[in-house]
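*Asks:* Sharing a structure here in structure tokens format.
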Amino acid sequence: MSGFSVSRRRFARWLAASPLLLAGTGKSFAAWNNVDTPPVFARLEPATVRPIAPRANIFPSRDVRLLDGPFAQAHDANLRYLRRLDPDRLLHTFRLNAGLPSSAKPLGGWEEPKGELRGHFMGHYLSGCALAFAAHGDADFRARGDHVVAVLAECQRALGTDGYLSAFPRSFFDRLAAGTEVWAPFYTLHKIMAGLLDMHEHAGNGQALAVVTGMAAWTDIWTGARDEAAMQKVLEVEYGGMNDLLYRLAAATGDARWIAVGDRFTKKRVFEPLAGQKDMLRGLHMNTHVPQVIGAARRYELTRDERFRDVSQFFWQTVTQTRTYATGGASNNEHWLTEPNHLAVEWESGHDHQECCCSYNMMKLGTMLFSRDPQVSIVDYYERNLLNHRLGAIQPETGLTTYFVSLAPGAWRTWGTDDTTFWCCNGSALEDFSTLNRMIYAHDDHGLWVNLFIASELDWKARGVRLRQETAFPAAPRTALRVEASDGKPWTLRLRIPGWAGAGTAVRINGKAVDALAEPGGYLQIARTWRAGDRVELEMPMAARWEVFPDRPSVGALVYGPVVLAQQHPLGTIADDLMHEHGPKVEKVSAPAAPAALPQDLPRRLAPIPGKPLHFAADADGHKLEFRPVSESWERYSVYSTIA
């Protein structure tokens, strides 16, 4: 989400003239958006709700419980922050906008009373409460969400009979329609509406469904009053996942009206190239467009319209295969600045890599695509992002979160605060860290997929199956699964063999080695009548290697299994205000002392540090170096280095 140092409009003007964007192409910014194939989205016919049955069903949150380990610790830290938030302070600007009294102390940052994005965080808060309740059944989180929903319903009634609800006036939408600069009003509405729908779907709040349906009715009126050309101009201003939200509402209500409204948020200049298998993402704002593609995936699942399937599949393919760093994140300053497979140029063009919202939304998209077509490659990507980006984006003690996870040499983490930031990434973190159990397991009628190696318990109620996974992965390169209950009927255990798994990978069932293993990047399928007490053990030896930029093989990241290792530097003295920027201002602090280049054979020089899993020491031509997982790098660190 942009808007913190330069306006979106000014940034776009700078980007359009940037040598980085145009160098060697001979094309203008606009020319990149010309599509020489027949437009497939020229007409969107009225659609009906005809959902596609998923091949893999993701378990509800309540069926998967995290056990002690880094994921459970991050989850609990997030819950502590969620509990510290005062819902009445978040409701303050909603009440004021509706003409209702409020004595709450105003918040700061992006929620300050005159901020144009005010109200967005309330949506994240509702989603966080709903997801936390779904995971634990903790009545406190449902009560918090119910209180907010009741007040929002009161504000909606006070604002009129057309369903409008926001913390800012309707005039923001007048500015949007007129093309006057305004900071993303539909983006904010999407967050609020998504939070309300989450409260309905995960916490059973019927009033929330009524409120969000009223907001959708207002959206129908507003968008329906504009022709196609006017709406396409409106869509140039970030609108979050309004298409996805409206398709979700259609699925929840069975009312195809909301599909038609959602279709008005089809940004055709972006979807057309993607449907034609063309990467024209250069110059686009990443977090504007990933939620739109999530909407495309939802539209296909809901209606079977293959155009939207093509958009989501090619987008996933090009971003994960050609635009993603070793850590799993992508973009720089939230934008794709280069053509695909030019990551070195992308990386060196600034220090604000990997916005957290972008990674969170890519993982949501990956979950949807896995349900459609379960593939190990999707989970391998998901794991990279989870281990190297997301785990290091939250303070384990406070639950405070960061905005960018920079890959600049000598970077450090910067942090939001309890009540003076409210960045978009602080908000998406409330959802993200409530769903760390989301992709561990999946099922169909015939068996289970074991995707992620995270200490957890699964209760597959429909089959009377309970499974316990005991692991310290990735600190230890193994996991063990114990069947605690089964129904006495055969079912298939599909055990992920990661793409990074190498020689020595082995599986044992009840202590006996399995002779035939799936190739790395596949699932080992074990069909049998499982019984309580059965135990499956997976060993995955990990080794260090360089992963280099395709466009600059002399620069790479040190990777151990799926874990990216970062060179460590002392934090030193960094001013407090620099610790609360969106990202590290590395140009304002002296560079750490470090060798100019690291040796090609460094992976063989790494020596484990006793008592510190995944921490290594190495000698690089007289320099004593320390490496540890980037997610455990709490001082200054360097991920990418020149290789001598």
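*Asks:* What does the charge dipole of the stretch 439-546 about its Cα centre add up to, to the nearest 20 debye, if the Cβ of each Lys and Arg holds +1 and the Cβ of each Asp and Glu holds -1?
*Replies:* Using Cβ point charges on Lys, Arg, Asp and Glu, the stretch 439-546 gives about 120 debye.
*Asks:* At D418 and R535, where each label point lies 7 Å from the Cα along Cα→Cβ, what is the point-to-point distance in nanometres?
*Replies:* 4.6
*Asks:* Cα convex hull of the stretch 381-445: how many Å³ per residue?
*Replies:* In the stretch 381-445, the Cα convex hull volume per residue is 109 Å³.
*Asks:* In percent, how large is the relative contact order of the stretch 517-572, given Cα pairs closer than 8 Å and 6 or more residues apart?
*Replies:* Value for the stretch 517-572: 20 percent.
*Asks:* Could you calculate the FRET efficiency of A104 with M579 from 1/(1 + (r/R0)^6), where r is the beta carbon distance between them and R0 is 35 Å, rounded to 0.05?
*Replies:* Once rounded, the FRET efficiency stands at 0.80.
*Asks:* Dipole of the chain (Lys/Arg Cβ +1, Asp/Glu Cβ -1, origin at the Cα centre): which of W546, L197, A411 lies farthest to the positive side?
*Replies:* L197
*Asks:* Cβ neighbours within 10 Å, averaged per peptide: list 177-183, 519-525 in order, most packed at the top.
*Replies:* Per-residue Cβ counts within 10 Å, averaged per peptide and sorted highest first, yield 519-525, 177-183.
*Asks:* Of L131, T529, P584, which is farthest towards the positive pole of the chain's charge dipole, taken about the Cα centre with +1 and -1 on the beta-carbons of Lys, Arg and Asp, Glu respectively?
*Replies:* Comparing the listed Cα positions along the dipole, T529 ranks first.
*Asks:* With label points built 7 Å along Cα→Cβ from the Cα atoms of I52 and R65, find their separation and express it in nm.
*Replies:* Each label point lies 7 Å from its Cα, and together they span 3.6 nm.
*Asks:* What is the percent carbon and sulfur in the accessible area of the chain, measuring with a 1.4 Å probe over the protein chains and ignoring ligands?
*Replies:* 52
*Asks:* Explain nothing, just the number: relative contact order of the stretch 369-499, from Cα pairs under 8 Å at least 6 residues apart, as a whole percent.
*Replies:* Worked out over the stretch 369-499, it gives 18 percent.
*Asks:* Here is a follow-up. Between (1) 124, 69, 54; (2) 67, 63, 56; (3) 87, 56, 48, which entry matches Cα extents along the principal axes in Å as derived from the coordinates of this structure?
*Replies:* Read-out taken from this structure: (2).
*Asks:* Treating the beta-carbon of each Lys and Arg as +1 and of each Asp and Glu as -1, no other charges, what is the dipole magnitude of the chain about its Cα centre, to the nearest 20 debye?
*Replies:* Dipole magnitude for the chain comes out near 640 debye.
*Asks:* Averaged per residue, what accessible surface does the chain expose to a 1.4 Å probe, in Å²?
*Replies:* 37
*Asks:* Output wanted: per-residue J couplings in Hz (rounded whole) for the stretch 365-381, from phi through Karplus 6.51 cos²θ - 1.76 cosθ + 1.60, θ = phi - 60°, x for Gly and Pro.
*Replies:* Listing the rounded values in order: 4, x, 4, 5, 5, 5, 4, 6, 8, x, 10, 4, 4, 5, 5, 4, 4 Hz.
*Asks:* If the viscosity is 1.002 mPa s and the temperature 20 °C, what translational diffusion coefficient in µm²/s does Stokes-Einstein give for the stretch 167-322 when Rh comes from Kirkwood over Cα pairs?
*Replies:* Approximately 134 µm²/s, per Stokes-Einstein.
*Asks:* What is the distance in Å between the Cα centres of the stretch 549-609 and the stretch 485-543?
*Replies:* The stretch 549-609 and the stretch 485-543 have Cα centres separated by 36 Å.
*Asks:* Something else now. Report, in debye and to the nearest 20, how large the dipole of the stretch 97-184 comes out about its Cα centre when Lys and Arg carry +1 and Asp and Glu carry -1 on their Cβ.
*Replies:* Roughly 100 debye, rounded to the nearest 20.
*Asks:* If we sort 621-630, 40-49 on the protection proxy, mean other Cβ atoms within 10 Å, highest first, what's the order?
*Replies:* The densest-packed peptide leads the list: 621-630, 40-49.
*Asks:* Report relative contact order for the chain in percent, whole number only (criteria: Cα-Cα under 8 Å, sequence separation at least 6).
*Replies:* Relative contact order for the chain comes out at 15 percent.
*Asks:* Right, another one. Would you calculate, for the chain, the mean residue ellipticity at 222 nm contributed by helices, counting each DSSP H stretch of 4 or more residues as -39,500 (n - 2.57) and dividing by all residues, to the nearest 500?
*Replies:* Mean residue ellipticity, 222 nm, calculated: -11000 deg cm²/dmol.
*Asks:* Out of G392, T420, V261, whose Cα points farthest toward the positive end of the dipole of the chain (charges: +1 Lys, Arg; -1 Asp, Glu; placed on Cβ)?
*Replies:* V261
*Asks:* Translational D (Stokes-Einstein, µm²/s) of the stretch 264-411 at 4 °C and 1.567 mPa s when Rh comes from the Kirkwood sum over C-alpha pairs?
*Replies:* The calculation lands on 83 µm²/s.
*Asks:* Could I ask something else about it? If you average the C-alpha positions of the stretch 294-354 and of the stretch 53-129 separately, how far apart do those two centres end up, in angstrom?
*Replies:* Cα centroid to Cα centroid, the span is 26 Å.
*Asks:* If you wrap a convex hull around the alpha carbons of the stretch 522-603, what volume per residue comes out, as a whole number of Å³?
*Replies:* Taking the convex hull of the Cα positions in the stretch 522-603, it is 239 Å³ per residue.
The values are calculated or read from the model by the stated rules, or taken from the named source; none is laboratory data. No experiment lies behind these values; they were computed from the predicted model shown. Quick reminder, even Gly has a Cβ in these numbers, built from the backbone with ideal geometry, and neighbours come from all protein chains shown. The protein model used for the area step is the full one, side chains on, heavy atoms only, and it has no ligands, DNA or RNA in it. Shrake-Rupley method; radii C 1.70, N 1.55, O 1.52, S 1.80 Å.
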